[in-house]
Amino acid sequence: MITLAVETSCDETALAIYDPEKGPIGDILLSQAKVHSPFGGVVPELSAREHTRNILPLLDRLLEETGFNLQNIDFVSFTLTPGLILSLVVGVSFAKAIAYNLGVPLVPVHHLEGHIYSVFLEREVGYPFLALIVSGGHTDLFLVEGFGRYRFLGGTLDDAAGESYDKVAKMLGLGYPGGPVIDKLAREGKPIYDLPRPLIESGDLNFSFSGLKTAVMNLIRKEKSYRVEDIAASFQEAVVEVLVSKALKAVEKTGVKRLVVVGGVSANSRLREVLREVCEDKGIELRIPHPKLSTDNALMIAYAGVERFKRGVTAPLDVNPEPNTPLEEFGRLWT
Ligand code: KG4
Ligand code: ZN
């Protein structure tokens, strides 16, 4: 049961060939970071254009590198939602064209579901578990009761955690994406500035990061001279404290002591360090994927695609990408 997986929801063109019996046969990824960096964020039209330009040569390269014959795939997995609609259109059309040509089924995957199952590529997790998804577009907490059975517990009311990293990096003139560079600078700085921890005291599991971003902007304006490393460390400390506190609150509320932390921001070194410490202390089973699997990739889409295909669920050839279908609803519809 071999799948080709296609992921184009944001600024990474990613393809993978995956065999659940043997593991990854190959995966390839082309980041558009350089294209978007001058703008401090992803420009949707440029993203779609880059996907269109790169996806076919990328498949050729993947087939060449692996020596794999595309005729041997059993189905095509692809990200149906959520994402930048023009970018999704490229991946979905590509997936359809291959499925039609080879006469194989199409299997839709939710991008966040892909992130959740990225940890399964390393080792399976027992159900139920909590999933904290922290990426450029999302900051959500879910209770995962089984494949396709996702219960939304809380999410951001404004900016996503990764988005706040990207916006703060833009203010500091650090380019895009902001996460990795702030992560690196923060390690050389001290968290000397007192920044807000939005909603940390609220009883619910929601997040808010836009006020924190504004607080950083005001701080930069107020301080005549500062070390960018100290701003980075202070900002990062605030984000990490909020994320860890809400994850612990979710454990407390549900009584589920298994936590999966995924998405681009889960690559953050400080977040990993603090989570490891508190989870060990509280006897919580913690799973964070390798940083390479934290950020967008197609292997995670392949894994979720295999799980769906095993359950006999496929999509018709006239399926259309959707910009923002909630994960809970997607799970109900496609499982
Ligand atoms: O999951 P992802 O690759 O794409 C989306 O689905 O959004 O996440 C990208 C986000 C960006 O906002 C990026 O700045 C952030 O993840 N990110 C990080 C780190 N690496 C990537 N944030 C904090 N620390 C990192 N090391
Ligand atoms: Zn993502």
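There is at least one residue in region 200-208 that is outside any loop (DSSP other than H, G, I, E, B) and either farther than 15 Å from Ala238 by Cα or touching a strand residue (DSSP E or B) at 6+ places or on another chain (Cβ under 9 Å) (or both). Tally up the residues in region 8-33 that are part of a helix (DSSP H, G or I) and at pLDDT 95 or above, please. The number of residues fulfilling the criteria is 0. The sole residue among Ser225, Ser234 that is open to solvent by 10 Å² or more (accessible area, probe 1.4 Å) and either of a type outside the set (D, E, K, R) or outside the structural domain of Asp158 (by TED's automatic domain parsing) (or both) is Ser225. Count of region 237-269 residues, restricted to those that are among the charged types (D, E, K, R) and within 13 Å of ligand 1 (Cβ to nearest atom), is 1.
Quick check: is even one residue across region 47-63 in contact with a His (Cβ under 9 Å, 6 or more places away or on another chain) and either of a type in the set (A, V, I, L, M, F, W, C) or assigned to a strand (DSSP E or B) (or both)? No; the residues of region 47-63 include none that is in contact with a His (Cβ under 9 Å, 6 or more places away or on another chain) and either of a type in the set (A, V, I, L, M, F, W, C) or assigned to a strand (DSSP E or B) (or both).
If you go through region 95-104 one residue at a time, do you hit one that is at positive phi, open to solvent by 10 Å² or more (accessible area, probe 1.4 Å) and free of Cβ contacts under 8 Å to residues at least 12 places away in the same chain?
Filtering region 95-104 for residues at positive phi gives 103.
Still in the running and open to solvent by 10 Å² or more (accessible area, probe 1.4 Å): 103.
Right, trim to free of Cβ contacts under 8 Å to residues at least 12 places away in the same chain and you get 103.
Checking region 95-104: at least one residue is at positive phi, open to solvent by 10 Å² or more (accessible area, probe 1.4 Å) and free of Cβ contacts under 8 Å to residues at least 12 places away in the same chain.
Residues in region 265-306 that are part of a loop (DSSP other than H, G, I, E, B), within 13 Å of the chain's Cα centre (by Cα) and more than 11 Å from ligand 2 (Cβ to nearest atom): Asn268, Ile288, Pro289, His290, Ala298. Within region 270-286, if we keep just the residues that are touching a residue at least 24 places away in the same chain (Cβ under 8 Å) and open to solvent by 20 Å² or more (accessible area, probe 1.4 Å), the residue that is farthest from Leu248 (Cα to Cα) turns out to be Arg270. Listed conditions (1) touching a Pro at 6+ places or on another chain (Cβ under 7 Å); (2) closer than 25 Å to Leu174 by Cα; (3) open to solvent by 60 Å² or more (accessible area, probe 1.4 Å); (4) among the hydrophobic types (A, V, I, L, M, F, W, C) are all met by Ile85, apart from (2).
Among the residues of region 204-218, is there at least one that is farther than 23 Å from Phe120 by Cβ, within 12 Å of ligand 1 (Cβ to nearest atom), in contact (Cβ under 8 Å) with a residue 40 or more places away in the chain and assigned by TED's automatic domain parsing to the domain that holds Gly146? Yes; the residues of region 204-218 include at least one that is farther than 23 Å from Phe120 by Cβ, within 12 Å of ligand 1 (Cβ to nearest atom), in contact (Cβ under 8 Å) with a residue 40 or more places away in the chain and assigned by TED's automatic domain parsing to the domain that holds Gly146.
Screening the candidates Glu45, Glu21, Glu7, Glu65 for the property of being over 26 Å from Gly173 (Cα atoms), touching a residue at least 24 places away in the same chain (Cβ under 8 Å) and open to solvent by 40 Å² or more (accessible area, probe 1.4 Å) yields one hit, Glu65.
The values are calculated or read from the model by the stated rules, or taken from the named source; none is laboratory data. These numbers were taken from a predicted model, which means no experiment stands behind them. Every residue, glycine as well, gets a Cβ built from its backbone with ideal geometry; the counts of neighbours run over all protein chains shown. The area values use the complete protein model at the heavy-atom level, side chains included, leaving out ligands, DNA and RNA. Shrake-Rupley method; radii C 1.70, N 1.55, O 1.52, S 1.80 Å.
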